[in-house]
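Shown next, in structure tokens, is the structure this report addresses.
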Amino acid sequence: MNDEELLALYEWAPGKCFRHPAAGTVGTALVKTIRPRLDGEKEVRACRRCVLAMEGIRREAAERAGLDYEPGHAGEALG
Ligand SMILES: [Zn+2]
């Protein structure tokens, strides 16, 4: 799977990347929804570069742990 195929697994919309919000509004994908107590829902969004970086980390971690790597879930824990 190449980068474009991997990125196509996500839905993209303008937003702020959680890793560098100061960069302003860029194309982002929802990677996680967190529910802080008493604070409703919060979306964690990441830009293309950061999604690819997160996928790379997951892939390496899966290989080390002997788990199957399934792309398209950048913000989720392995397992
Ligand atoms: Zn980013």
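Read-outs: derived from the displayed coordinates by stated rules, not from any lab. Everything numeric here is computed off the predicted structure, so don't read it as measured data. Ideal geometry is used to build each Cβ from the backbone, glycine not excepted, and the neighbour counts take in all protein chains shown.
A compact table of results
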| quantity | calculated |
| --- | --- |
| Loop-located GluC sites (Glu not before Pro) in the range 6-60, at most 11 other Cβ atoms within 10 Å (DSSP) | 11, 41 |
| Table column - 3J(HN,Hα) (Hz), the range 31-37, Karplus curve with 6.51, -1.76, 1.60, x for Gly and Pro | 9, 6, 10, 10, 10, x, 4 |
| Crossing angle, helix 48-65 versus the chain [Cα axis fit, 0-90 degrees, rounded to tens] | 40 |
| Loop trypsin sites (Lys or Arg not before Pro), the chain, which have at most 10 other Cβ atoms in a 10 Å radius of their Cβ (DSSP) | 37 |
| Euclidean distance of C-alpha centroids, the range 1-37 and the range 50-73, integer Å | 16 |
| Free-standing Cys residues across the chain, given no other cysteine C-beta under 4.7 angstrom | 50 |
| Cleavage-rule hits, chymotrypsin sites (Phe, Trp or Tyr not before Pro), the chain, DSSP coil, Cβ neighbours within 10 Å at most 15 | 69 |
| Backbone N within the range 1-34 under 13 Å of label point (7 Å from residue 52 Cα along the Cβ vector) | 2-8 |
| Proximal charge balance of residue 28 [Cβ under 13 Å; K/R count +1, D/E count -1] | +4 |
